[in-house]
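Worksheet: the structure to be examined is printed underneath.
The values are calculated or read from the model by the stated rules, or taken from the named source; none is laboratory data. Remember, it's a predicted structure, so these values are computed and weren't measured experimentally. When we count neighbours, we look across all protein chains shown, and the Cβ atoms used for this are built from the backbone with ideal geometry, even at glycine. Just the protein is used for accessible areas: all its heavy atoms, side chains included, with ligands, DNA and RNA removed. Shrake-Rupley method; radii C 1.70, N 1.55, O 1.52, S 1.80 Å.
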Amino acid sequence: MATLLFNRRLLMLALAGILLYTAVALLSQSGETTETERQAADVPSISKREAADAAAAFLKSEYGISGKPETFVAYQSRKTFSGYLQKADLYDDYEKKWIAEFPLDFFEVEAYVPGSGERYYVEVNFTNGHVTAWSKDIPKAAKRADVDTADRKKLAEQALAKHGYDLNDLRYLKQSPEDGSYIFESGTKTIGESKLQVHVAVQNREVVRLAPQFSVPESYETWQDEQDESASLMTRISLTFTLLMVLFAVYAVVKYRKYITFHHGLLLTVIFSTVYITNNINMYPAFKTGYGDRLDGWEAVTSLFFMNFIVFLMAAALYVSLLAGREMWQSRGWNAWLHWTEPSFGREVLGGMGRGYLLCLFILGVQQMLFFIAEKKFHVWAVNDPSDSVYNMLAPGLFPLMAWAAAISEEATYRLFGIAMFQRIVKNRFLAVLIPSMIWALSHTQYPIYPVYTRFVEVTIIGLIFGYAFLRFGFITVVFAHASMDSILMGLSLIDTGTAADIATGLFYIFVPGIVAYLIAWYHRSKVLKGALI
């Protein structure tokens, strides 16, 4: 196994990746706005604190609340409508006409007034700080007999006029069966098959909801539901085959138990678990975006406990994959993963880091080329997803740590163990690399990229590159390649936020794999090579 810091062939591939990446960037600038550029442009111009202050000022003006309410701010997005605009090639038109007034992405401020039991949800345009929609939850004990239908409708119309809506442009459409709100539809604010609809709810002689939103054609909703169901099916298939792989790993561990040193892999498993649990806690605001009401107290504890129990199962699967994969390659006469006690371990870590960076540059170029081809030739697009946005994290600077959790678990499962397992089953090297790459790719189809099959194709191709790199250079190299790639991508997501602190943090994470490798090599040299085996 090569132990040089760089490899000439990998250097050529890295240069090719840089050229591909640059060419795609230039082609994108010369053409129409790409989906990646659109998402990068959806950057808040105000802070969450400013959004909370704007919501508090609005509630004081609208409802006369005194004092400062307790607030919680989350990033939200109209994913379905955004998807329709992109599928129908209407996004650019919408951006020119309506996005300033009716944003697709916004801050949702949850405001709670202590003592009253009242809770408000206020949507704040994160580019200009304007309040665009709101709703009020009234405690059941505070609800009283309401006015008749005619008076409620009149109050709704008065609220529309008060907030700048032209009643001559709006026609009463229907009453919502979900919450009883009145739905008014605009005759002029339209785009494609969508029309602006304003939902207004009245209770206790006051307006408790006013929410404008463009309708989504039923045909598109049906199409997206089918796409999401396909993604769910592919994810279930991936989970099923991964579970079978884990069971095979357990069998292999039992079979080779006399030859396995069971403390091998424990440190990587602990690192994976620690990073993943930290990320689950960090994603608390993202969890709230998936709930209709406040997620706190026992609800939050229960949710986090369940998610961290899943992490425990994932960690157990990772551990047996590490043990089984290493021993199965050892039985074939190849040391795919050097151990800490071996004299060349430190040099191999440095070499794996160097090769990993070169490999990741090549993969990034290939990935950007695949995205560009998919977008231009197959009309692929992506929508923003609040559930994994850096804007919905308690500490966005911790997010890139997940690069290591992904690199360790996925390379152990689908390369170190997966290739060994399938090579034993199918007796064909290419299929042994392809099949685990496909299983791995199926687990990535839940990302909001449509049509969903395109992510399967893209990740399978990347899996093939990782697989052959593993067979050529070993486990440490592909772990560093994967971690470097994800560190760069996650670092760029921090840089895109535009704040000085996040830009500095994002730049730092791009160099973290190199720093980690040098620290490991230094510590190994100072301990193991001096006779202090650990």
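A few remarks follow.
- Of the helices (runs of 4 or more DSSP H) contained entirely in segment 403-503, those carrying at least 3 residues that are under 16 Å from ARG355 (Cβ atoms) fall at 453-473, 475-495.
- Being surrounded by 12 or more Cβ atoms within 10 Å (Cβ to Cβ), modelled with pLDDT of 85 or more and outside any loop (DSSP other than H, G, I, E, B) is a property that ALA300 lacks.
- Among (1) part of a helix (DSSP H, G or I); (2) open to solvent by less than 30 Å² (accessible area, probe 1.4 Å); (3) among the hydroxyl-bearing types (Ser, Thr, Tyr); (4) closer than 30 Å to LEU160 by Cβ, the one test that THR235 misses: (4)
- Tally of residues being outside any strand (DSSP E or B) and without any contact (Cβ under 8 Å) to a residue 60 or more places away in the chain across segment 207-222: 4
- Residue in segment 413-420 that is within 25 Å of VAL250 (Cβ to Cβ), polar (S, T, N, Q), free of Cβ contacts under 8 Å to residues at least 40 places away in the same chain and buried (at least 19 other Cβ atoms within 10 Å of the Cβ) present: no
- Looking only at segment 60-70, residues that are under 19 Å from ALA211 (Cβ atoms) and either surrounded by fewer than 19 Cβ atoms within 10 Å (Cβ to Cβ) or in contact with a strand residue (DSSP E or B) (Cβ under 6 Å, 6 or more places away or on another chain) (or both) come to 2 in all.
- Residue match in segment 328-335 (condition: of a type in the set (Ser, Thr, Tyr) and not in a helix (DSSP H, G or I)): yes
- Helices (runs of 4 or more DSSP H) completely within segment 1-115 that count 2 or more residues being acidic (Asp, Glu), farther than 30 Å from PHE480 by Cα and modelled with pLDDT of 90 or more: 48-63, 91-97
- Selection within segment 84-114: residues that are in contact with a Phe, Trp or Tyr (Cβ under 9 Å, 6 or more places away or on another chain) and farther than 20 Å from PHE214 by Cα. The member of this set that is surrounded by the most Cβ atoms within 10 Å (Cβ to Cβ) is VAL109.
- The single condition from (1) modelled with pLDDT under 70; (2) in a helix (DSSP H, G or I) that GLY292 fails is (2).
- Looking only at residues in segment 192-206 that are charged (D, E, K, R) and not in a strand (DSSP E or B), the one that is nearest to SER181 (Cα to Cα) is ARG205.
- When segment 246-288 is filtered for residues that are surrounded by 15 or more Cβ atoms within 10 Å (Cβ to Cβ), more than 23 Å from ALA403 (Cα to Cα) and at pLDDT 95 or above, the ones remaining, listed by number, are PHE248, ALA249, VAL250, ALA252, VAL253.
Every residue, every condition in (1) open to solvent by 40 Å² or more (accessible area, probe 1.4 Å); (2) over 15 Å from the mean Cα position of the chain (by Cα); (3) of a type in the set (D, E, K, R), yes or no:
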site	(1), (2), (3)
GLU411	no, yes, yes
PHE422	no, yes, no
ILE425	yes, yes, no
ASN428	yes, yes, no
SER437	no, yes, no
ALA441	no, yes, no
PHE456	yes, yes, no
PHE466	no, yes, no
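- Of the residues making up segment 41-96, those that are acidic (Asp, Glu) and more than 14 Å from THR127 (Cβ to Cβ) are ASP53, GLU62, GLU70, ASP89, ASP92, ASP93.
- Residue among GLY117, GLY192 that alone is open to solvent by less than 40 Å² (accessible area, probe 1.4 Å) and on the phi > 0 side of the Ramachandran plot: GLY117
So that you can scan it fast, the table gives a plain yes or no per residue for (1) assigned to a helix (DSSP H, G or I); (2) touching a Phe, Trp or Tyr at 6+ places or on another chain (Cβ under 8 Å); (3) closer than 18 Å to VAL457 by Cα:
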| residue | (1), (2), (3) |
| --- | --- |
| HIS339 | no, yes, no |
| PRO343 | no, no, no |
| LEU350 | yes, yes, no |
| GLY356 | yes, yes, no |
| PHE362 | yes, no, yes |
| GLY365 | yes, yes, yes |
| LEU370 | yes, no, yes |
| LYS376 | yes, no, yes |
| ASN384 | no, no, no |
